[in-house]
Amino acid sequence: MSFSNAFFAFLKGETSQAELDAYRHAMKHINDLEAAIQSQVLNRPLDPGAGPWSRPKHQQQAMAFTWIARALATIATTLLDSDAREDPDTVGYLPLVTFGQVKALYAQVPQFVQAAWEALANPRYQASRPLPLPLGPRIEAEGKCPLVHLKGIHAAAQVLDGIGQQRLGVYLQSIQTCGVTPPDDVKGYLSDLAQMWARAQSKVAFSTQQLMAVSMGGNVPLSTHEEAENRLWDALADHFLVGQFIAMPELLHSSAMVGVNATGRTIPHEERWFLSEPDAVRDLKNTKFGEQEIREFWVRKAWRTTPREERYLAQCAALRKEGAISVVSRWSTCPFDPVYQTLAPVNILDTPMDRGTEFHLHMDENEDELQVGTPRFRRTTGYQEEHEEGHVSDPSGHH
């Protein structure tokens, strides 16, 4: 890093990327993991009459976690490389939004590398977090997103697409050579994968045109920047999930069996209150506190639901229609969602619950933890701010 790099970086308000170099150097551990997957799983012949879709679950989980680690590292590294290429005057320095995004992604890699090794070693392995996992967190710029950051996201989407295509090609080749005709459900998985891939590639292609408009300068409105950034992030999120589905096809069934979008969906601003209990919407919409909380909630989630949330919402809607659950209150912190009570024995997100049990899904920052009362939650008064040190595990006491 030269003095001139530091000077121009200072003028642009950029920060040194030195802290990130250690993360980048640690990425060789992913190579070791992928070599083990290749030798212990992919290079081993399948049992007679079996296809790649029938590999043991722990091996599929190991491949899914390996993809997650590789994808996170790929996005982060591509952002660094793209910034150096697009802005050579400040090599070694990054816009704050790029620095924050790279660090947030790199920091997650070790835990998924560890999870992959554990799954590979243990035939009885049980994942501590339900797959598929959404991409996140998304770090947003204050005001207009720097063009160099948009170009980095675009480059990352293209690189992730290329890696995913290679892995899908390997999977399809193994199907062709196994000598077993895929069952109908596997054929359905492949069709769904093709659709998701086409959707992600379409988003990248459309955002390319928006990126060209932004690159030309002039009076480009902030909304154009935001639309391009959102669409590119959505493409990354779709590729991130599709890679997990390639590794573990049964995930498509677990997410789609209730008729929901297997990759989650983008939530427009006008639908920001759709998760909230109706009385909470009446109390909080268009208030300073309510609008600040709901915006912060969706920003942390990149304005996107997760597959697990979509499944939860669909299951709750179906059970309410059947009269098996009812709304008894609303959660005191954002998104102020309904608290349900079971009116009969039910199964929510593969969790059985007896009659008279209260539950809700903690969705803040995509944690997606199903919280269950014992059998009821204690009540609190009014609405509360979500604090970083922990969430309030009580619903609002008035309904």
- Note on the structure: Using eta = 1.306 mPa s and T = 10 °C, Stokes-Einstein with Kirkwood Rh from Cα pairs puts D for the chain, in µm² s⁻¹, at 69
- Query: In terms of the ratio Rg/(2.2 N^0.38 Å) built on C-alpha atoms, what value belongs to region 267-395?
  - Reply: 1.01
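Order these peptides, 38-48, 197-207, 89-99, by their mean beta-carbon neighbour count within 10 angstrom, highest first.
Highest to lowest by the protection proxy: 89-99, 197-207, 38-48.
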- Query: Taking Rh as the Kirkwood radius, which is the inverse of the mean 1/r over Cα pairs, what is the Rg/Rh value for region 106-188?
  - Reply: 1.08
- The ³J(HN,Hα) series, computed from each phi in region 201-212 with the Karplus coefficients 6.51, -1.76 and 1.60 at θ = phi - 60°, rounded to the nearest Hz and given as x for glycine or proline, is 5, 5, 5, 5, 4, 5, 5, 4, 5, 5, 5, 4
- Message: Please report the spacing between the Cα centers of region 67-105 and region 143-175 in Å, no decimals.
- Response: 14
- Query: With point charges of +1 on the Cβ of Lys and Arg and -1 on the Cβ of Asp and Glu, referenced to the Cα centre of region 3-256, which listed residue (L135, L252, H58) lies farthest in the positive direction of the dipole?
  - Reply: H58
- Query: On average over all directions, what projected area in square nanometres does region 173-219 have, based on the convex hull of its Cα atoms?
  - Reply: 4.5
- Please report, in debye to the nearest 20, how large the charge dipole of region 77-211 is about its Cα centre when each Lys and Arg carries +1 at its beta carbon and each Asp and Glu carries -1 there. 240
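Given that compact globular proteins tend to follow 2.2 N^0.38 Å, what is the ratio of the alpha-carbon Rg of region 39-148 to that value?
Scaled against compact globular proteins, the figure is 1.39.
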- Message: Going by average Cβ density within 10 Å per residue, which order do the peptides 155-161, 186-192 take, highest to lowest?
- Response: 155-161, 186-192
- Message: Can you give me the Kirkwood hydrodynamic radius for region 302-350, using every pair of distinct Cα atoms, in Å to one decimal?
- Response: 11.7
- If you stretched the chain out fully between Q158 and F206, how much longer would it get, using 0.36 nm times the residue separation minus the C-alpha to C-alpha distance? 16.0 nm
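Bear in mind that the values in this text are calculations on the coordinates, not laboratory data. None of the values given here were measured: they were computed from a predicted structure. Counting neighbours? That spans all protein chains shown, and the Cβs are built from the backbone with ideal geometry, glycine included.
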